[in-house]
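No value in this document is a laboratory result; all are computed from the given coordinates. Here the structure is a predicted model, which is why all the values come from computation and not from measurement. Here the Cβ positions follow ideal geometry from the backbone for every residue, glycine too, while neighbour counts run over all protein chains shown.
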């Protein structure tokens, strides 16, 4: 593994959505950690259309800490990963660290990621130790992580943790990708020559509520399944082949039983016919659903609408702010 010179410029990108209860502590702790690194830094807070006081707090923090805190204010909610992409586009550090705003991943863990980056890897992932989440979130996360490892071949264990570090060339490569359904950790790993993974602390949410409801989590898992590869289509073809071969074998079995046992042994074959019919109808509906999901993504990409729209960038006093 190649060595790398010490980090000079650090960008910290944090998507924010209705986190007014955590923002003040978050900003204070991030500033403290970044100042101790000894390198120049910027903290980019991306307001993802918050409906509480988060927008005003971000603007105030940027005004009070010029050249250190940057506020990127989106005009509405676009989702966590779109907000992160907006922050990446505004970043200029040779290393970019992403972080959630809920303080479940302590900012004090950031130096560990920087130390790993300085070993020469392109992307640093993290594993949440002693994870403080519900059983459902742990189970679904483990399921998705397993599928991602199989589909991408990159053996990282915790793709759901936002606390990650990327070198500048990886960030630039991600920003060149026009697709709308973007899962940043997978996208980054597809460009990385070498990756690392380290354990980090995970804390329970003490203030505010999780922004991922049950249905949003299910939607996210399905989004990941269809956006990262064509594996579901290949799986569908494999399953279809198995079903077809089973149907042929079952037909031969029915024919043999009818010859040797007569038609009365299975109610003249009526219920068997319905069972086979239901299997094939179910397989068709699954196939149509997956095909429709991919067609929908093609439709979204063909329209080529922007992932987000920045309403304002706050970098310091009011006269320095950029209106969009």
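Going from the fewest other Cβ atoms within 10 Å to the most, the residues 39, 177, 161 appear in the order 177, 39, 161.
Once fully extended, how much extra length lies between residue 193 and residue 260, figured as 0.36 nm per residue of separation less the alpha-carbon to alpha-carbon distance? Intermediate results must be reported in sequence, preceding the final value.
Working: separation 67, 0.36 × 67 = 24.12 nm, distance 6.34 nm.
Length gained, residue 193 through residue 260: 17.8 nm.
Ranked for footprinting exposure by Cβ neighbours inside 10 Å, fewest first, 245, 257 give 245, 257.
Sorting 88-101, 116-129 by average packing, meaning the other beta carbons within 10 Å per residue, from highest down gives 88-101, 116-129.
One chain, two ends: residue 35 and residue 253. Fully extended at 0.36 nm per residue, the span grows by 71.0 nm beyond their Cα-Cα distance.
Label-to-label distance for residue 281 and residue 312 is 5.7 nm, based on points extended 7 Å past Cα in the beta-carbon direction.
What order do you get for 166, 78 when you list them from fewest to most C-beta neighbours inside 10 Å? Present the calculation step by step, with values, prior to reporting the outcome.
On the way: 166 29, 78 20.
Fewest-to-most ranking of 166, 78: 78, 166.
Placing a label point 7 Å from the Cα of residue 9 along the Cα-to-Cβ line, the residues of the stretch 48-74 whose backbone N sits under 16 Å from it are 67-70.
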